[in-house]
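The block underneath contains the structure these notes are about, expressed in structure tokens.
Where a number appears in this text, it was derived from the coordinates with a stated rule and is not lab data. Values in this document were obtained by computation on a predicted structure and should not be read as measured data. Cβ coordinates were reconstructed from backbone atoms using ideal geometry, including for glycine residues, and neighbour counts include every protein chain displayed.
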Number of protein chains: 2
Amino acid sequence: MTESLGLTHARWKVIGAIALSNNGLTVPGIARVLGQSRQAVQRITDVMMEDGLLEYHKNLKHKRSVLVMLSQRGKEVYNTLRELQDPWAIDATEDIPVEELEAALRLVRRLIKKFN
Amino acid sequence: MTESLGLTHARWKVIGAIALSNNGLTVPGIARVLGQSRQAVQRITDVMMEDGLLEYHKNLKHKRSVLVMLSQRGKEVYNTLRELQDPWAIDATEDIPVEELEAALRLVRRLIKKFN
DNA sequence: GACCATATGTCAGCATGTTGTCATTGTCCT
DNA sequence: AGGACAATGACAACATGCTGACATATGGTC
């Protein structure tokens with residue numbers, strides 16, 4: 001699904017995390033949202049910035065830690081992929097009772113919480 | 001959990017797949033069980049063989065494709081890790097109704113099947 | 001204001017996984 | 001038997017992820 005847009009799943013995760021934030025996120029902030037190491041995120045955001053998907057903005061709160069935001073093209077990619085993903089997700093689950101899906105989600109969250 | 005035995009999660013997956021087979025598996029066979037590429041499995045089994053966890057046995061059905069089996073030490077590691085993992089799994093789920101766990105498992109399998 | 005613990009940027013080494021390619025081996029159909 | 005197609009081994013390029021280490025920045029405490 002990401003391939004048709006020249007993305008990979010890792011880059012899609014990053015775009016998604018930033019899109020859900022309002023004023024941009026720092027690299028370690030993205031890492032915390034995604035639950036992975038800041039180093040892994042840093043490497044990906046650097047490449048995505050060069051590719052024109054992200055923009056680094058001055059962070060008033062920190063001298064070196066920039067705020068990562070979606071560029072115009074990043075926003076377009078986000079919207080385009082959402083238009084592919086949403087129908088896919090609906091198609092995948094429309095014949096499953098909502099209560100079943102929610103119960104499974106509650107269970108997964110419960111286990112995640114237990115392991116934190 | 002795997003670290004205390006000098007393993008990694010990837011090697012543990014391979015050991016588990018072989019342990020559940022009766023007469024050994026070929027490398028592509030392990031890959032099919034795990035649902036991943038044979039190349040990735042090949043690389044790992046080669047190292048595990050050098051480390052003495054696995055043994056390659058002549059395969060009567062194929063001139064070059066060997067049968068991978070657990071060495072004595074591989075079996076010991078398997079049993080030791082099971083003794084760590086089983087109590088962990090029980091502890092993680094003992095306060096959750098069995099029906100909830102089974103329902104979530106059915107849902108996951110249903111989705112996997114849908115995407116095949 | 002000095003000091004210490006924490007957060008961040010950066011670089012490196014390693015473990016896994018994927019895909020692609022090519023030669024060799026197996027299978028099956030005619 | 002012969003030939004086409006699939007399976008396997010081997011090698012390579014690439015994308016991710018983790019941890020460790022070291023220098024710099026922040027923030028809270030005395």
- Dividing the mean separation of Cα pairs under 8 Å (6+ apart) by the residue count of chain A yields a relative contact order in percent of 23
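So, with +1 on the Cβ of K and R and -1 on the Cβ of D and E, and no other charges, what is the size of the charge dipole of the range B:2-56 about its Cα centre, to the nearest 20 debye?
Details: 5 positive and 5 negative charges, 61 e Å.
With only Lys, Arg, Asp and Glu charged at Cβ, the dipole is about 300 debye.
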- Note on the structure: In the neighbourhood of B:THR26 defined by beta carbon distances under 14 Å, the net charge of the other residues (Lys, Arg +1; Asp, Glu -1) is +4
- Mind listing the phi-derived Karplus ³J(HN,Hα) values for the range A:90-98, rounded to whole Hz, using 6.51, -1.76 and 1.60 with θ = phi - 60°, and x for any glycine or proline? 5, 4, 6, 10, 5, 9, 10, x, 4
- Using the Cβ atoms and a cut-off under 15 Å, what net charge is assigned to the surroundings of B:ALA10, where Lys and Arg are +1 and Asp and Glu are -1? +1
- Sum up the lysine pairs in the protein assembly as shown that clear both bars: alpha-carbon distance under 27 Å and a spacing of 8 or more or different chains. 23
- Query: So what are the ³J(HN,Hα) numbers for the range A:42-51, from phi and the Karplus equation (6.51, -1.76, 1.60; θ = phi - 60°), rounded to whole Hz, Gly and Pro as x?
  - Reply: 4, 4, 6, 5, 4, 5, 5, 5, 4, 7
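Jot down the per residue volume, in cubic angstrom and as a whole number, of the convex hull over the alpha-carbon atoms of the range A:16-116.
Numbers: hull volume 13.1 nm³, N = 101.
With only Cα atoms used, the range A:16-116 gives 130 Å³ per residue.
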- Note on the structure: Phi-derived 3J(HN,Hα) across the range A:101-107 with the Karplus relation (6.51, -1.76, 1.60, θ = phi - 60°), rounded Hz, x for Gly and Pro, is 5, 5, 5, 5, 5, 4, 5
- Query: So who's got an amide H within less than 5 Å of the one on B:LEU25, skipping anything under 5 residues away but keeping other chains? H placed 1.01 Å off N, in plane.
  - Reply: B:VAL68
- Query: Near the amide H of A:ASN59, under 5 Å away, which other amide H atoms are found, from residues 5 or more places off or on another chain, if H is placed in the peptide plane?
  - Reply: A:LEU67
- Using helices alone, what [θ] at 222 nm do you get for the protein assembly as shown, with -39,500 (n - 2.57) per DSSP H run of 4 or more residues, divided over all residues and rounded to the nearest 500? -20500 deg cm²/dmol
- Query: How well do other chains shield peptide A:102-115, expressed as the mean number of their Cβ atoms within 10 Å of each residue Cβ?
  - Reply: 3
